[in-house]
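Structure below; questions to follow.
The values are calculated or read from the model by the stated rules, or taken from the named source; none is laboratory data. Bear in mind the structure is a predicted one, so any value in this text is a computation, not a measurement. With ideal geometry, Cβ positions are generated from the backbone for all residues, glycine too; neighbour counts draw on all protein chains shown.
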């Protein structure tokens, strides 16, 4: 006798939680703090990197981010020209050691909550959603960021740092640990909200819905004032390029800012009720 497998049981309830990124998604319009610190750190070691090179691996844990920058062929070539050989693990340790205090010194300047985030997250709570979060920052840096965010009305129910987990984004572990702490499952009941490719990939790897954030994030990389100082055509091009990167990373939805996610949550609830899964 052969048992017939009836197929995968689908979750048909509503979304129950969001897991939000920090820089570029909820705070620091343009995700400027990490990029500035990476450029300055490499310059301290005699190697010039562009702001675009600094941003390319954004979303990863900061030590992993540094390693990814040094692995870029154009950066590796500059490093060899200056240091006479390839970047070693010891060099990465030294870069990371220089990066952390530099990041900590500038972080207060770049910790303002992005307009509309606090109000939108309150609306999400009124819908019954738990609010998780994760970041590539360390716990020491997040003490400063969270204190400023709380003062501006944003305080998630769970917060995980890169230093809390052995492997950061795009691995799914930070999202899984958020789910455990929030007491929310299955993963289809969670949406990952992130402005980076690595963050969207982490959501996909975790089996959650994914919502990319374009205008306020790393893909555009400008403060609100800097962005508004560009022509309308330039703004459109920058935002569309950011949207394209997030779509190619696999985002189920892309918004310009967290303040625009409420209609997306409605759409996801509709899809869940119809038996759709975030595959």
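When residue 110 is evaluated against the numbered criteria (1) out of contact with any strand residue (DSSP E or B) (no Cβ under 8 Å at 6 or more places or on another chain); (2) within 30 Å of residue 155 (Cβ to Cβ); (3) buried (at least 20 other Cβ atoms within 10 Å of the Cβ), which criterion, by number, is the only one it fails?
So the condition that residue 110 fails would be (1).
Still on this structure: Considering only segment 246-267, state which residues are assigned to a helix (DSSP H, G or I) and either at pLDDT below 95 or under 14 Å from the mean Cα position of the chain (by Cα) (or both). First the steps, then the outcome.
From segment 246-267, those assigned to a helix (DSSP H, G or I) are 246-249, 258-260, 262-267; that's our starting set.
Matches in segment 246-267: 246, 249, 258.
Looking at (1) buried (at least 18 other Cβ atoms within 10 Å of the Cβ); (2) modelled with pLDDT of 95 or more; (3) under 25 Å from the mean Cα position of the chain (by Cα), can you tell me which one residue 57 breaks?
(2)
Report yes if some residue within segment 61-73 is without any contact (Cβ under 8 Å) to a residue 40 or more places away in the chain and either more than 22 Å from residue 199 (Cβ to Cβ) or assigned by TED's automatic domain parsing to the domain that holds residue 258 (or both); otherwise report no.
Yes, segment 61-73 contains at least one residue that is without any contact (Cβ under 8 Å) to a residue 40 or more places away in the chain and either more than 22 Å from residue 199 (Cβ to Cβ) or assigned by TED's automatic domain parsing to the domain that holds residue 258 (or both).
Residue under question is residue 33, and the condition is that it be in a helix (DSSP H, G or I), at pLDDT below 95 and in contact with a strand residue (DSSP E or B) (Cβ under 9 Å, 6 or more places away or on another chain); does it hold?
yes
Kindly check whether there is at least one residue in segment 90-107 that is on the phi < 0 side of the Ramachandran plot, buried (at least 16 other Cβ atoms within 10 Å of the Cβ), in a strand (DSSP E or B) and modelled with pLDDT of 95 or more.
no
Yes/no per residue for (1) touching a helix residue (DSSP H, G or I) at 6+ places or on another chain (Cβ under 8 Å); (2) surrounded by fewer than 23 Cβ atoms within 10 Å (Cβ to Cβ):
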| site | (1), (2) |
| --- | --- |
| 30 | yes, no |
| 61 | yes, no |
| 74 | yes, yes |
| 78 | no, yes |
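Among the numbered criteria (1) within 18 Å of residue 209 (Cβ to Cβ); (2) crowded, with 21+ Cβ neighbours inside 10 Å, which one does residue 158 miss?
Condition not satisfied by residue 158: (2).
Would you check which residues across segment 80-89 are surrounded by 10 or more Cβ atoms within 10 Å (Cβ to Cβ) and either in a helix (DSSP H, G or I) or in contact with a helix residue (DSSP H, G or I) (Cβ under 8 Å, 6 or more places away or on another chain) (or both) and list them?
Initial filter on segment 80-89 (surrounded by 10 or more Cβ atoms within 10 Å (Cβ to Cβ)): 80-83, 86-88.
If the condition is that a residue be surrounded by 10 or more Cβ atoms within 10 Å (Cβ to Cβ) and either in a helix (DSSP H, G or I) or in contact with a helix residue (DSSP H, G or I) (Cβ under 8 Å, 6 or more places away or on another chain) (or both), then 80, 81, 82, 83, 86, 87 are the ones that fit.
Continuing with this model, one more query. Which residue, of 217, 168, 212, is on the phi < 0 side of the Ramachandran plot, surrounded by 24 or more Cβ atoms within 10 Å (Cβ to Cβ), in contact with a helix residue (DSSP H, G or I) (Cβ under 6 Å, 6 or more places away or on another chain) and assigned to a loop (DSSP other than H, G, I, E, B)?
Values: 217 fails: in contact with a helix residue (DSSP H, G or I) (Cβ under 6 Å, 6 or more places away or on another chain); 212 fails: assigned to a loop (DSSP other than H, G, I, E, B).
None of the other options fit; the residue is 168.
Could you check, for segment 125-133, whether at least one of its residues is free of Cβ contacts under 8 Å to residues at least 60 places away in the same chain, crowded, with 21+ Cβ neighbours inside 10 Å and touching a helix residue (DSSP H, G or I) at 6+ places or on another chain (Cβ under 6 Å)? Working first, answer last.
Going residue by residue through segment 125-133, those that are free of Cβ contacts under 8 Å to residues at least 60 places away in the same chain are 125-126.
Remaining after also requiring crowded, with 21+ Cβ neighbours inside 10 Å: none.
No, every residue in segment 125-133 fails to be free of Cβ contacts under 8 Å to residues at least 60 places away in the same chain, crowded, with 21+ Cβ neighbours inside 10 Å and touching a helix residue (DSSP H, G or I) at 6+ places or on another chain (Cβ under 6 Å).
Taking the stated definitions as given, is residue 179 surrounded by 21 or more Cβ atoms within 10 Å (Cβ to Cβ), closer than 29 Å to residue 98 by Cβ, in contact with a helix residue (DSSP H, G or I) (Cβ under 7 Å, 6 or more places away or on another chain) and at pLDDT 95 or above? Don't jump to the end; show me each part of the working.
Numbers: surrounded by 21 or more Cβ atoms within 10 Å (Cβ to Cβ): yes; closer than 29 Å to residue 98 by Cβ: no; in contact with a helix residue (DSSP H, G or I) (Cβ under 7 Å, 6 or more places away or on another chain): yes; at pLDDT 95 or above: yes.
Judged against the criteria, residue 179 is not a match.
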